[in-house]
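Working notes, structure below.
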């Protein structure tokens, strides 16, 4: 407290003119953010699919799934081939929202104390909406852990998944019915997103729209218009329906003249359902679709510590800003979005906790080929630095991807020459093993005192 404030609170007289001039000075030298205008702050739209393989789209190499709208979208933006989410649903979503690895953000059990990018942007004057799958409140209506308490002005969707074939919906904090029509969800969520953009959006504010789809999780289905239409089977039908409805959303941005100043991010939460150790024993999967989703050239799938577990397709478009028709091999991760959004929207990231993400503005804008990241931590399993990837002997992953045939030894792979992780080089490069193991342990044990000072 300064002397002026102390004297005021103690009852000392301070001329009115002093306070008037002080207030005027604060407005001049520290103007509210709105004074700068919204034209320099982009709208943000995140399209987050569920369990989609890295090569399920035509623009990522699929020869069976027809995705013309997303292929065109990729031509208008940049495709990222080394993009990391997390290896399973809830942890991936908490990491995305907070910019923190799941062992810090707690995955399905994300506490109310976590700070999301929606909270940062809301404080910066953004209108915020979450539509679709939440999955970080233990799939329960715990009010202080639901979207409205975590920075979102509006929420429509489900707090959990569709493992039982039933999706319970909420609008904000109130129940909004339930459905067993899995083939209707993609259209329903997209309709809600379009309604937000067209009807409830405040044109005086920039917006953040987080559209988190339920498909292609567990019990997949497509609407009658798309069913039995794809060469990729039922899964292909779902992918092609995604493509269609994503096109509708992109068309809405254009119709409303929002496309030029909107960053659109298309990605997924983890790898595909293609692990027999899980899918062969999981009830509820449609007949003939036990294995779905592809990550060509990468090992395993959802839940795995190998690359196809956490690698996801990623396309980012921002006309005139993000280079068009480009492919980037730089390492980028969902945890990087929070600090990147903070930079692009003139917001401040929290200083009272570790933020594992890094600001990737230069990478997105094409000003850097390598970006700000050359490492990635595989949740409880290993560490990547550059092209080298280390995995500890006793990996710890959920039942989704238990590989009972895996030899329990330390592993080291050169991802540049061996992206499929087929040749273990640990015995040939013991120094590299020690280095990456040390970096993994350092990540797991790093505390806030080593990185930043808490808020006063």
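Here, each number is a calculation from the coordinates, and none is a lab measurement. Just so it is clear, the model here is predicted, and its values are computed rather than measured. In this analysis, Cβ positions are derived from the backbone assuming ideal geometry, glycine residues included, and neighbour counts consider all displayed protein chains.
Could you tell me what fraction of 2.2 N^0.38 Å the Cα radius of gyration of the stretch 42-374 comes to, as a two-decimal ratio? Each step should come with its number before you reach the end.
On the way: Rg = 18.1 Å, N = 333, 2.2 N^0.38 = 20.0 Å.
Here the Cα radius of gyration is 0.90 times the empirical estimate.
Based on the alpha-carbon gyration tensor of the stretch 99-174 and its eigenvalue square roots a ≥ b ≥ c, which shape applies: rounded if a/c is under 1.5, prolate if not and a/b is larger than b/c, or oblate?
Numbers: a/c = 2.12, a/b = 1.25, b/c = 1.70.
Oblate is the answer for the stretch 99-174, as a/c is 1.5 or above yet b/c matches or exceeds a/b.
How high is the relative contact order of the stretch 42-374? Use alpha-carbon pairs under 8 Å, at least six apart in sequence, and give a whole percent. Could you put the intermediate results ahead of the total?
Numbers: 822 pairs, mean separation 99.0, N = 333.
Reported as a whole number, the value is 30 percent.
How far is it, in nm, from the label point at residue 164 to the one at residue 63 when both lie 7 Å from their Cα along the line to the Cβ?
Spacing of the two 7 Å Cα→Cβ label points: 4.3 nm.
Using the per-residue mean of other Cβ atoms lying within 10 Å as a proxy for protection, in what order, highest first, do the peptides 169-175, 437-443, 331-337 fall? The partial results should precede the final answer.
Values: 169-175: 13.1, 437-443: 15.6, 331-337: 26.9.
Those peptides, ordered most packed to least, come out 331-337, 437-443, 169-175.
In nm, to one decimal, how far is the residue 200 label point from the residue 138 one, both placed 7 Å along Cα→Cβ?
About 2.8 nm, to one decimal.
With equal scatterers on the alpha carbons only and no solvent term, can you work out the Debye log10 of I(q)/I(0) for the stretch 377-450 at 0.19, 0.25 1/Å?
-0.80, -1.23
Order the peptides 193-201, 80-88 from the highest to the lowest mean number of other Cβ atoms within 10 Å of their residues. Before the final figure, lay out the partial values.
Values: 193-201: 16.4, 80-88: 24.6.
Peptide ranking by packing, descending: 80-88, 193-201.
Could you state the number of Å between the C-alpha centres of the stretch 104-164 and the stretch 177-242?
19
In whole angstrom, how long is each semi-axis of the equivalent ellipsoid of the stretch 186-261, when you take the square root of 5 times every eigenvalue of its Cα gyration tensor and sort them from largest down? Display every interim value, and only then the final one.
On the way: eigenvalues 155, 31, 17 Å².
Taking √(5λ) for each eigenvalue gives 28, 12, 9 Å, largest first.
Between residue 76 and residue 367, what length in nm is gained on full extension when 0.36 nm per residue of separation is reduced by their alpha carbon distance? Please report the intermediate quantities before stating the final value.
Details: separation 291, 0.36 × 291 = 104.76 nm, distance 1.72 nm.
Length gained between residue 76 and residue 367: 103.0 nm.
Tell me, what is the Rg over Rh of the stretch 75-127, with Rh the Kirkwood radius over Cα pairs? Mind dumping the intermediate values first?
Details: Rg = 13.4 Å, Rh = 12.4 Å.
For the stretch 75-127, the value is 1.08.
For a quick check: sort 139, 145, 384 by the number of other beta carbons within 10 angstrom, fewest at the front.
Details: 139 17, 145 20, 384 24.
Neighbour counts put them in this order, fewest first: 139, 145, 384.
Nearest 5 is fine: what % of DSSP beta bridges in the stretch 86-200 come out antiparallel, could you say? If you can, show how the numbers build up before the last one.
Working: 8 of 13 bridges.
That works out to approximately 60 percent antiparallel.
Arrange 345, 252 by Cβ neighbour counts within 10 Å, fewest through most, would you?
On the way: 345 23, 252 18.
Ranking 345, 252 by Cβ neighbours within 10 Å, fewest first, gives 252, 345.
So in the stretch 42-374, what percent of DSSP beta bridges are antiparallel if you round to the nearest 5?
Working: 15 of 44 bridges.
About 35 percent, rounded to the nearest 5.
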